[in-house]
Amino acid sequence: MTIILSKDFEFDAAQALPQFPVGHKCHNLHGHSFMLTVSVRGQVDEATGILYDHAVISDAMKPILEQLDHVYLNDIVGLENPTIELLSRWIWEKLAPQLPGLYELVLHETPRARCVYRGE
C-alpha cells in the first residue's frame, strides 16, 4: 500500500525581492506568515501500519524552522532573492537528506498564493 503522508509547519519571516522592479510592492521589505506542507511517499509497513512517525518529520524540520522563523530571509546564504520558488528549493535541499521518501513541499506565502515543489 503506497501512501502520501503530510505534515504542516508555520513560520513568519521578512523579505524583499530585489529582482522585482523598483516600485513593485514585493521589491520593498515586507513579511509573510508562511505555511509549509511537507509530504513523504512510500509503502506502509504492514507490521506497524505506518509509513512514518510524524515526529520524524518534525525532528527533520526543526533546525530548518529555527533558521527561517522571525528572520530576514535575504540574510540567509542562498536566499538573497527569497521567492517562494527559490525558498522551496532551499528547504528541499536541506530536508531531503534527513527525510527519505520526501515527495513534495507546498509553501504558502498567503492563503491564496503557494508553490508546489517536488525536487525536480
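From the helices alone, meaning DSSP H stretches of at least four residues, give me the mean residue ellipticity at 222 nm for the chain, per-run term -39500 (n - 2.57), in deg cm²/dmol to the nearest 500.
-7000 deg cm²/dmol, from helical runs alone.
Leaving out ligands, DNA and RNA, what percent of the accessible area of the chain is carbon and sulfur, probe 1.4 Å?
Carbon and sulfur atoms account for 52 percent of the accessible area of the chain.
What shape does region 1-54 take by its C-alpha gyration tensor, where a ≥ b ≥ c are the square roots of the eigenvalues and a/c under 1.5 counts as rounded, a/b above b/c as prolate, and the rest as oblate?
The shape class here is prolate.
Return the loop-located GluC sites (Glu not before Pro) in region 7-106 (DSSP other than H, G, I, E, B) with at most 11 other Cβ atoms within 10 Å of their own Cβ; answer none if there are none.
The qualifying sites are 46.
Evaluate the chain: find the radius of gyration of its Cα atoms, find its Kirkwood radius, and give the ratio Rg to Rh.
In the chain, Rg relative to Rh is 1.03.
Return the long-range amide H neighbours of residue 51 (sequence gap of 5 or more, or a different chain), with a cut-off of under 5 Å between placed amide H atoms.
45
In terms of Cα to Cα distance under 30 Å, which lysines are near enough to residue 7, apart from those fewer than 8 places away along the same chain?
Partners within reach: 62, 94.
Could you state the angle between the C-alpha long axis of helix 84-95 and the longest principal axis of the C-alpha atoms of the chain, as a value from 0 to 90 degrees rounded to the nearest 10?
40
Taking the Cα centre as origin and putting +1 on Lys and Arg beta-carbons and -1 on Asp and Glu beta-carbons, what dipole magnitude results for region 4-120, to the nearest 20 debye?
Here region 4-120 has a charge dipole of around 360 debye.
Along region 28-37, what does the Karplus equation 6.51 cos²θ - 1.76 cosθ + 1.60 (θ = phi - 60°) give for ³J(HN,Hα), rounded to whole Hz, x for Gly and Pro?
7, 4, 7, x, 9, 9, 7, 10, 10, 10
The values are calculated or read from the model by the stated rules, or taken from the named source; none is laboratory data. Everything numeric in this text was worked out from a predicted model, so none of it was measured. Counting neighbours? That spans all protein chains shown, and the Cβs are built from the backbone with ideal geometry, glycine included. Remember, those area values only see protein heavy atoms, side chains included, never the ligands or the DNA or RNA. Shrake-Rupley method; radii C 1.70, N 1.55, O 1.52, S 1.80 Å.
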